[in-house]
């Protein structure tokens with residue numbers, strides 16, 4: 001389905017850019033492998049590390065096991081952007097129409113420049129040579145340049161070009177579909193920003209190559225998979241992501257701020273950028289549009305200017321816009337001698353808008369503004385109170401209230417990753433519907449007490465003796481009630497004394513529910529009998545007796 | 001505590017995040033049964049001074065709307081030492097408002113009024129809700145809720161299990177002209193909060209969640 005006007009795109013892609021960006025500051029030029037981590041997952045690694053089996057997305061522990069000598073670096077998108085700035089500027093000198101997707105990935109409209117430099121191959125060589133000058137010839141490992149019709153095909157070509165000797169892969173005009181056909185569907189997820197779930201569904205349906213997806217009738221795909229499916233189908237057929245009708249915005253959409261007092265600090269500028277992004281997005285949302293490309297312009301009092309185009313196939317949220325504003329400004333400010341005065345103008349232009357197909361709002365994994373704010377705040381709180389202090393719940397499973405969920409350090413979990421969250425809280429999905437006795441118990445934990453669960457859990461330290469409050473449950477003569485090996489009571493319980501408090505009359509009780517956990521492990525074995533007790537003041541407790549000692553495990557407050 | 005949880009349900013279920021500051025005894029499973037999505041729950045322990053427990057003599061929570069406090073009035077607060085240090089608490093709580101709409105905490109006993117005003121201003125600027133367990137201290141609560149006279153259903157002498165609880169919830173505070181009182185299932189037999197018996201002026205639940 002070739003279309004008349006097909007954009008010719010050149011993609012510059014640097015594999016594992018985060019590692020390259022971290023090297024000058026990380027001091028790993030000695031040849032030690034390096035791994036960059038975010039939320040305990042590998043986001044990038046050096047070639048020597050990937051040679052021994054470190055892959056992106058791996059957990060930190062696995063990566064360290066594979067490559068113990070590696071230097072571990074924290075992921076810092078600002079640093080990535082700062083280090084990428086010289087590359088962007090070098091390429092920008094060769095060609096004016098340039099858009100940055102993310103640090104380490106930029107796209108160029110190739111038709112004009114390649115005619116000027118004498119062909120696609122020559123343009124590629126030229127760009128590599130220029131980047132080589134900026135970065136120093138020796139370390140271009142990981143750089144790839146792809147030229148093809150459409151962004152997606154050129155992004156795939158650039159990634160494949162990384163391993164070729166010339167670092168360049170040129171797909172002739174109108175050959176994008178043929179080039180993509182034998183490629184695996186996983187590319188859709190990797191460079192096309194198609195939902196991982198849809199991609200894995202394609203694979204499970206036996207559509208293992210992009211060609212197989214493209215062969216399906218477009219109508220059928222739209223029928224079955226809706227808008228995301230249509231997008232995937234378009235990409236797989238070598239068509240560009242957005243129909244060309246979406247290229248020109250019908251009217252100028254921009255948000256700008258002129259500062260009476262020149263601003264020299266980064267933070268206030270980013271803050272203003274945030275407001276501008278909010279205005280711009282609000283304006284677009286009113287018209288049902290989504291911005292896929294926007295231009296950030298900043299100007300100083302002395303007329304220095306930084307103008308950059310940013311692109312994201314999926315559309316840019318306000319948060320994503322602010323992030324890019326920050327990247328651009330950090331890069332600009334880090335550049336020696338670029339600014340001789342404070343910034344007086346900041347402008348965001350929506351350059352390319354399309355109709356919002358609703359593909360941004362996903363039930364799972366789509367981050368709302370509240371989510372993004374919360375995740376940022378979590379990081380900040382970890383800075384104030386210490387990483388250990390900020391924790392999120394994780395399912396553990398068990399028969400005592402303190403065992404069911406445990407708290408894990410928030411920085412070890414990726415709060416933005418829906419899959420990670422779902423696996424952390426495994427039973428949480430259907431948990432709200434968990435019902436009482438009439439339904440089978442949820443999960444493989446026979447012996448759990450039925451809902452409602454206690455709202456105050458005192459036994460949060462399982463297997464240690466300190467977790468719960470000492471108590472005494474006594475019979476009418478004031479003797480502690482004992483529970484025999486078969487669950488028989490020495491006498492009905494009459495009073496409950498918590499810690500050193502007064503004895504309270506018991507007006508209702510249920511139990512015992514004996515529990516014999518881990519009988520196979522002498523050191524961790526627990527044998528106890530649980531009771532629910534309601535005292536005269538109406539309060540209810542979960543108490544247990546273990547080795548003749550009564551404790552309050554939880555309270556139904 | 002149940003009252004605090006039931007207050008947070010509506011907000012968290014519609015996408016807000018819940019922060020629990022310095023309440024190590026928060027029963028996650030109970031929260032889940034009330035309908036709080038645990039993927040949006042984060043706990044912050046000021047200084048994490050080891051494991052602390054408090055006698056959970058609960059049963060009498062108080063709660064409120066825009067700035068709310070819920071009280072476990074009968075609970076003698078054996079709160080962590082660091083939490084009593086108002087400054088640490090105020091700093092954490094103020095930072096938490098940046099990203100969380102709902103916050104469950106205990107107001108430190110020795111919090112001075114200046115810090116409290118600062119925290120309150122920040123909270124109002126962020127349009128967040130503070131649900132304070134126990135005494136609101138120097139804060140002036142919009143709504144104070146007090147659950148008293150609890151009556152558990154389901155257990156007899158040695159038989160059954162706890163099924164539901166009836167409590168009499170009283171609301172008072174700055175935003176409530178006349179104290180109101182009603183009887184609620186907290187939780188009811190099906191795990192949700194329900195009106196058992198509206199005796200005096202009925203306060204619709206939706207109204208209570210407002211804010």
Tell me, which residue of the stretch B:148-184 that is more than 7 Å from every other protein chain (Cβ to nearest Cβ) and without any contact (Cβ under 8 Å) to a residue 12 or more places away in the chain is nearest to residue B:34 (Cα to Cα)? B:154
Do we find a residue being at the interface with chain B (Cβ under 9 Å from one of its Cβ atoms) and assigned to a loop (DSSP other than H, G, I, E, B) anywhere in the stretch A:502-516? no
Do we find that residue A:391 is modelled with pLDDT under 75 and touching a strand residue (DSSP E or B) at 6+ places or on another chain (Cβ under 6 Å) in this structure? no
Looking only at the stretch A:465-477, and only at residues there that are within 13 Å of another protein chain (Cβ to nearest Cβ) and under 53 Å from the mean Cα position of the chain (by Cα), the one that is modelled with the highest pLDDT: A:473
Does residue A:176 fit the bill of being within 18 Å of residue A:238 (Cβ to Cβ), buried (at least 21 other Cβ atoms within 10 Å of the Cβ) and in contact with a helix residue (DSSP H, G or I) (Cβ under 9 Å, 6 or more places away or on another chain)? yes
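Before we move on, is residue A:552 touching a residue at least 12 places away in the same chain (Cβ under 8 Å), more than 8 Å from chain B (Cβ to nearest Cβ) and buried (at least 17 other Cβ atoms within 10 Å of the Cβ)?
Answer is no for this residue.
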Condition set surrounded by 20 or more Cβ atoms within 10 Å (Cβ to Cβ) and in a loop (DSSP other than H, G, I, E, B), scope the stretch B:160-202, selection modelled with the lowest pLDDT: answer is B:191
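For the stretch B:1-100, list the strands (runs of 3 or more DSSP E) that sit wholly inside it and hold at least 2 residues that are at pLDDT below 80; which are they?
On the way: elements: B:18-21, B:41-44, B:67-70.
Passing ranges, in order: B:67-70.
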Checking residue A:551 against (1) closer than 27 Å to residue B:166 by Cα; (2) in a loop (DSSP other than H, G, I, E, B); (3) out of contact with any helix residue (DSSP H, G or I) (no Cβ under 7 Å at 6 or more places or on another chain), which test does it fail? (2)
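Taking the condition assigned to a loop (DSSP other than H, G, I, E, B), surrounded by 14 or more Cβ atoms within 10 Å (Cβ to Cβ) and under 32 Å from the mean Cα position of the chain (by Cα), does residue A:140 pass? First the steps, then the outcome.
On the way: assigned to a loop (DSSP other than H, G, I, E, B): yes; surrounded by 14 or more Cβ atoms within 10 Å (Cβ to Cβ): yes; under 32 Å from the mean Cα position of the chain (by Cα): yes.
Spelling it out, residue A:140 is indeed assigned to a loop (DSSP other than H, G, I, E, B), surrounded by 14 or more Cβ atoms within 10 Å (Cβ to Cβ) and under 32 Å from the mean Cα position of the chain (by Cα).
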Residues satisfying the stated conditions in the stretch A:67-89, i.e. without any contact (Cβ under 8 Å) to a residue 40 or more places away in the chain and surrounded by fewer than 17 Cβ atoms within 10 Å (Cβ to Cβ): A:68, A:69, A:72, A:74
How many residues are touching a helix residue (DSSP H, G or I) at 6+ places or on another chain (Cβ under 6 Å) and more than 10 Å from every other protein chain (Cβ to nearest Cβ) if we restrict to the stretch A:397-412? 3
I need a count of the residues in the stretch A:489-501 that are more than 10 Å from chain B (Cβ to nearest Cβ) and in a strand (DSSP E or B). 3
Of the residues A:480, A:462, A:444, A:452, which single one is modelled with pLDDT of 80 or more, more than 7 Å from chain B (Cβ to nearest Cβ) and either over 30 Å from residue A:42 (Cα atoms) or buried (at least 21 other Cβ atoms within 10 Å of the Cβ) (or both)? A:480
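The values are calculated or read from the model by the stated rules, or taken from the named source; none is laboratory data. Here the structure is a predicted model, which means the values were calculated and not measured. Glycine gets a Cβ as well: all are built from the backbone with ideal geometry, and neighbour counts include every protein chain shown.
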